[in-house]
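The values are calculated or read from the model by the stated rules, or taken from the named source; none is laboratory data. The structure displayed is predicted, hence computed values, not measured ones. Cβ placement follows ideal geometry from the backbone for every residue including glycine, while neighbour counts extend to all protein chains displayed. Surface accessibility is based on the protein's heavy atoms, side chains included, excluding ligands, DNA and RNA. Shrake-Rupley method; radii C 1.70, N 1.55, O 1.52, S 1.80 Å.
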Amino acid sequence: MSWLEPVPNTDRAALRFARYKEGNWSAPRTIVERNDFFVNWADFPSIVEDARGILFAHWLQRSGNSTYAYDVRMATSGDSGQTWSEPFLLNRDGKRNEHGFVSLAPLVNGGVAAAWLDGRNMPEGKEEGEMTLRYATVDAHGRIRASSELDTRTCECCTTGMAVTGSGPVVVYRDRSGDEIRDVAFVRQTSKGWTRPALVHADGWKITGCPVNGPQVSASGRNVAVAWFTAAEDHQRVYASFSSDGGTTFAAPVVVDDGKPIGRVDVVLLHAETAVVSWIEQTPGGAEIRARVVPRNHSPAPSIKVADASAARAAGFPRMTSAGKDVFIAWTDQTAKDKRVRIARLSF
């Protein structure tokens, strides 16, 4: 797990990580420490391990003086994080624009796939123009290959999601049509290349600004589950949908929330037929992080309260991962005097 934290008595922040093994967390270690991170409540660093045990970390680093001028930087480690490579750029367009909302996924033969929102087609220093979705593969030496533009017009600042199926990567994201319909779309890689963008479901959410509330995806073999938030027709909902053909088609969505969702979803497959979806639900006293088991062809199980939460932006986006029959969920705890990163384990 990775996180950013301020370095006491300085203007710097540190990207740190810890590893969970045999029931215990390691001591935190620092990947990189800087005073020019782009620190954002919705767009945050990540760390993944590839099939060969190489760690890949990404973060956002300012590239200019305007508010949204920043690049995606990465580093790798071949010794479990004791040492890290020199940082390198993921986006290499040279534009002082927004590049972020990165999703990393390990590839079968080593290295990672990376999908991100890329503002290279926008005027420098301005929040106008077309945000694009891009993809590339990255190896342990920082070599960027298979760089592709997947969509020429997307929502500007909603998180992306990516998972590798038995037939290739599937990327989910919030699209943006010419008349401002911002529903969740997907693209997938096949032996013939990337498919054209298609909607997971036509919610019909028309909104003239970015809701900062993107989808997530999980895959196992050819089984895929997607979770997302929508407020189409002023009705807030968290949905989940399944695919059994590697993301070629998706079934009708299932309602996951308890009636007043804020969104900020995540999803993990427990096995081919069952997913766990998490989200933030508004309550009379504030908000809660909730999770729910969602079977493919049956009604969802009762929701589980994971923890009290804040509805404020600074509470961020809870994130999940699975290990066997356990699901670990991490979040930023805003309910105490000081911020804390907390983790819970849900056993099924």
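Note down the Stokes-Einstein diffusion coefficient of region 41-104 in µm²/s, whole number, using a Kirkwood radius over alpha carbon pairs, 4 °C, and 1.567 mPa s.
Rounded to a whole number, D works out at 103 µm²/s.
Once phi is turned into ³J(HN,Hα) by the Karplus curve 6.51 cos²θ - 1.76 cosθ + 1.60 with θ = phi - 60°, what whole-Hz value does each residue of region 69-86 show in order, with x for glycine and proline?
Along region 69-86, the couplings run 9, 7, 10, 9, 10, 9, 8, 10, 9, x, 10, 6, x, 5, 10, 10, 5, 4 Hz.
Return the single residue from PRO215, PRO300, PRO28 with maximal mean-square fluctuation; model: Gaussian network over the chain, springs between Cα atoms under 10 Å.
PRO28
With a 1.4 Å probe and every protein chain kept in, tell me what percent of the accessible surface of the chain is carbon plus sulfur.
After summing per-atom areas, the C and S share lands at 45 percent.
Name the residue, out of VAL265, VAL226, VAL255, whose mean-square fluctuation peaks in a Gaussian network model built on the chain with Cα pairs under 10 Å.
Among VAL265, VAL226, VAL255, the largest GNM mean-square fluctuation belongs to VAL255.
Place a +1 charge on the Cβ of each Lys and Arg in region 223-313 and a -1 charge on the Cβ of each Asp and Glu, then give the dipole magnitude about the Cα centre in debye, rounded to the nearest 20.
For this selection, approximately 120 debye.
What percent do you get for the relative contact order of region 214-348 when only Cα pairs under 8 Å and 6+ apart count?
16
Quick one: net charge of VAL212's neighbours, Cβ under 12 Å, K/R +1, D/E -1?
So the surrounding residues net to +2.
Run through region 109-203 and list the GluC sites (Glu not before Pro) located in a DSSP loop whose Cβ has at most 11 other Cβ atoms within 10 Å.
Answer by residue number: GLU128.
Tell me which label goes with the value of Cα extents along the principal axes in Å computed from the coordinates here: [x] 69, 41, 36; [y] 67, 45, 34; [z] 49, 44, 40.
Matching entry in [x] 69, 41, 36; [y] 67, 45, 34; [z] 49, 44, 40: [z].
Name the long-range amide H neighbours of GLY263: under 5 Å, sequence gap of 5 or more, or other chain; modelled H, no Pro or chain starts.
Counting only residues 5 or more places away or on other chains, the set is ILE280.
For region 227-269 and region 30-60, what is the separation of their Cα centres, given in Å?
27
Relative contact order for region 26-139: what is it in percent, counting Cα pairs under 8 Å that are at least 6 residues apart?
21
Please sort by residue number the trypsin sites (Lys or Arg not before Pro) in region 4-99 whose DSSP state is loop and whose Cβ has at most 14 other Cβ atoms within 10 Å.
ARG12, ARG52, ARG92
Give the relative contact order (percent, whole number) for the chain; include only Cα pairs under 8 Å separated by 6+ residues.
Working: 924 pairs, mean separation 27.2, N = 348.
Relative contact order here is 8 percent.
Taking H as built 1.01 Å from N, whose amide H comes closer than 5 Å to the amide H of GLY129, not counting residues under 5 places away?
Under 5 Å from the amide H of GLY129 lies no amide H from a residue far enough along the sequence or on another chain.
In Å², what does the accessible area per residue of region 26-121 work out to with a 1.4 Å probe?
Details: 4010 Å² over 96 residues.
Per residue, region 26-121 has 42 Å² of solvent-accessible surface.
What does the net charge come to around SER167 if you take all other residues with beta carbon closer than 14 Å to its beta carbon, with K and R at +1 and D and E at -1?
Neighbourhood net charge equals +2.
Residue-wise, which Karplus ³J(HN,Hα) couplings in Hz belong to region 253-264, taking 6.51 cos²θ - 1.76 cosθ + 1.60, θ = phi - 60°, and x for glycine or proline?
x, 10, 6, 10, 6, 9, x, 9, x, 8, x, 6
Suppose every K and R has +1 on its Cβ and every D and E has -1 on its Cβ; what is the size of the dipole of the chain about the Cα centre, in Debye to the nearest 20?
For this selection, approximately 620 debye.
Restricting attention to region 164-263, which trypsin sites (Lys or Arg not before Pro) occupy a DSSP loop and are surrounded by at most 15 other Cβ atoms within 10 Å?
LYS192, ARG222
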